[in-house]
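Reading through the structure tokens given below for one structure.
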């Protein structure tokens with residue numbers, strides 16, 4: 001019942017209101033039942049009305065006390081009104097359950113997304129994108145289903161209490177025996193509930209694994225097809241898919257077996273009860289019919305209670321999984337930094353910075369100066385720390401020793417978010433979204449206008465081909481930008497980095513995959529931006545190096561200044 005308690009803690013007033021409405025529905029159902037016994041008695045044995053006793057007499061006296069003559073028509077009216085009232089309460093309750101379930105799905109998805117976006121970069125790089133996608137899509141949906149089943153467990157429990165209360169008023173012996181029998185049946189069928197729980201936990205694990213592999217496979221479709229290895233994608237996915245199918249089958253079997261096992265056992269209990277009441281105790285037919293009806297519904301609701309509980313625990317593993325992911329991401333939240341307003345000033349400097357990742361030493365006592373308004377280029381072989389330098393300047397990672405200075409201030413003392421909003425970043429990877437050019441540039445930032453996007457496209461020479469499109473800036477780029485050439489995609493991505501008018505532009509090997517002519521054109525456009533903003537370019541290409549104001553070659557954890565500036569320092 002931990003799940004139910006958790007939902008009450010997160011949604012206290014909504015859950016309390018639901019319980020109150022469900023209780024009202026149960027009472028209305030009980031009122032309808034109370035009219036049933038005198039109704040049956042009046043119908044089956046009209047002459048025995050004056051001899052009414054026990055619960056039937058109590059009902060008649062209660063109606064008489066409020067000025068209602070318990071005639072056949074009145075009793076039928078009470079029964080119909082009670083059914084109507086119960087269903088009105090249930091309509092409200094089911095609607096609220098659906099609304100709250102939708103809220104739960106939304107809140108879990110947004111909580112996870114916010115937690116992930118606020119987590120440290122090192123934490124994020126160790127996460128599977130497929131796992132996160134599964135949490136947002138599958139686990140959030142299954143978690144909301146767990147809430148629906150949890151509330152229905154409460155609803156059915158209330159009905160069980162109501163039926164048991166009315167049955168006790170008529171015959172406490174028969175009711176106690178029925179409750180004991182129902183409890184025994186629950187114990188006998190509990191193993192089927194455990195089967196469903198294990199199947200649910202297994203499904204949660206397999207969905208995570210499956211979505212992770214699916215994400216990786218879809219990103220490699222072109223590679224599979226280009227080398228004639230289409231079947232490899234199927235082989236990669238088949239094992240997890242068949243494991244998931246097995247878990248789903250076990251869940252189906254558990255639910256079906258529970259249904260099949262309960263009905264016959266309840267039928268035996270009811271049949272035995274009828275025989276004892278009629279033959280051994282010679283109870284009146286009307287009373288027997290009423291008790292059969294009430295106890296049959298009582299036992300049925302006990303069985304339904306177990307079925308709803310089975311569904312709840314099948315789905316609850318998804319709720320704990322996504323809550324675990326949220327808590328884990330929140331625990332790895334990134335520090336907001338200090339309170340100093342960032343200002344590049346004359347330069348950005350790495351002052352005797354050392355950085356290691358696990359046992360791998362990347363930078364050792366490195367010092368670099370990136371003058372404001374100039375183009376600085378970092379060159380060197382793979383793995384020498386060029387991207388690490390950019391990550392240090394952005395604040396995604398932090399030096400083990402030394403300082404990163406923005407103007408005259410240590411980066412650790414700056415308002416982290418304010419500093420990053422002054423940065424335009426262009427990665428080597430193609431990160432275009434399957435959306436319009438405008439959305440790919442603004443990324444949904446409402447502070448950016450269409451004019452900002454057009455200006456950025458013009459700044460990188462992309463407006464020429466965008467303006468010729470039928471939908472121009474509203475044209476959809478296709479999956480990962482496949483409607484455009486590599487150079488066109490790269491220009492759109494650089495325009496994205498420029499649209500918010502940054503003070504620092506970081507190009508992380510952004511032109512490496514382009515042909516020499518396209519690269520030269522883009523580099524020339526970028527060179528024109530010098531003076532308006534500071535540019536840090538990571539590149540192996542000679543075109544970018546030739547345009548740079550200063551060039552640092554990284555090797556062995558150190559940075560060596562090349563060219564004219566190196567000669568000036570030596571002089």
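The values are calculated or read from the model by the stated rules, or taken from the named source; none is laboratory data. Bear in mind the structure is a predicted one, so any value in this text is a computation, not a measurement. A quick note on method: Cβ atoms are made from the backbone with ideal geometry, for glycine too, and the neighbour counts reach across all protein chains shown.
Quick grid of which residues meet (1) within 24 Å of residue 138 (Cα to Cα); (2) at pLDDT below 70:
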residue: 161; (1), (2): no, no
residue: 204; (1), (2): yes, no
residue: 207; (1), (2): yes, no
residue: 226; (1), (2): no, yes
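I'd like the residue in region 320-342 that is outside the structural domain of residue 145 (by TED's automatic domain parsing) and farther than 13 Å from residue 118 by Cβ and, out of all such residues, is surrounded by the most Cβ atoms within 10 Å (Cβ to Cβ).
Applying the filter and picking the extreme gives 342.
Does residue 479 satisfy the condition of being loosely packed, with under 15 Cβ neighbours inside 10 Å and free of Cβ contacts under 8 Å to residues at least 40 places away in the same chain?
Answer is no for this residue.
Give me a count of the residues in region 108-153 that are closer than 21 Å to residue 204 by Cβ and exposed (fewer than 15 other Cβ atoms within 10 Å of the Cβ).
Total satisfying the criteria: 4.
Please tell me if residue 63 is part of a helix (DSSP H, G or I), modelled with pLDDT of 70 or more and either outside the structural domain of residue 319 (by TED's automatic domain parsing) or out of contact with any helix residue (DSSP H, G or I) (no Cβ under 7 Å at 6 or more places or on another chain) (or both).
On the way: part of a helix (DSSP H, G or I): yes; modelled with pLDDT of 70 or more: no; either outside the structural domain of residue 319 (by TED's automatic domain parsing) or out of contact with any helix residue (DSSP H, G or I) (no Cβ under 7 Å at 6 or more places or on another chain) (or both): yes.
Judged against the criteria, residue 63 is not a match.
Can you pull out every residue in region 373-411 that is over 17 Å from residue 125 (Cα atoms) and within 32 Å of the chain's Cα centre (by Cα)?
393
I'm trying to understand the selection: among the residues of region 486-532, which are modelled with pLDDT under 80 and either under 16 Å from residue 440 (Cα atoms) or not assigned by TED's automatic domain parsing to the domain that holds residue 372 (or both)?
Those that are modelled with pLDDT under 80 and either under 16 Å from residue 440 (Cα atoms) or not assigned by TED's automatic domain parsing to the domain that holds residue 372 (or both): 486, 487.
Being crowded, with 21+ Cβ neighbours inside 10 Å and touching a strand residue (DSSP E or B) at 6+ places or on another chain (Cβ under 8 Å) is the filter here, so list the residues in region 513-532 that pass it.
Result: 526, single match.
So for region 470-480 (the condition being out of contact with any helix residue (DSSP H, G or I) (no Cβ under 8 Å at 6 or more places or on another chain) and under 30 Å from residue 335 (Cα atoms)), does at least one residue qualify?
No, region 470-480 has no match at all.
Is it true that residue 55 is assigned to a helix (DSSP H, G or I), modelled with pLDDT under 70 and either in contact with a strand residue (DSSP E or B) (Cβ under 8 Å, 6 or more places away or on another chain) or within 23 Å of residue 160 (Cα to Cα) (or both)?
Details: assigned to a helix (DSSP H, G or I): yes; modelled with pLDDT under 70: yes; either in contact with a strand residue (DSSP E or B) (Cβ under 8 Å, 6 or more places away or on another chain) or within 23 Å of residue 160 (Cα to Cα) (or both): yes.
It is true that residue 55 is assigned to a helix (DSSP H, G or I), modelled with pLDDT under 70 and either in contact with a strand residue (DSSP E or B) (Cβ under 8 Å, 6 or more places away or on another chain) or within 23 Å of residue 160 (Cα to Cα) (or both).
Just wondering, is there one or more residues in region 128-137 that are under 19 Å from residue 96 (Cα atoms) and at pLDDT 80 or above? Can you show your working first?
In the first step, residues of region 128-137 are kept if they are under 19 Å from residue 96 (Cα atoms); the result is none.
No, region 128-137 contains no residue that is under 19 Å from residue 96 (Cα atoms) and at pLDDT 80 or above.
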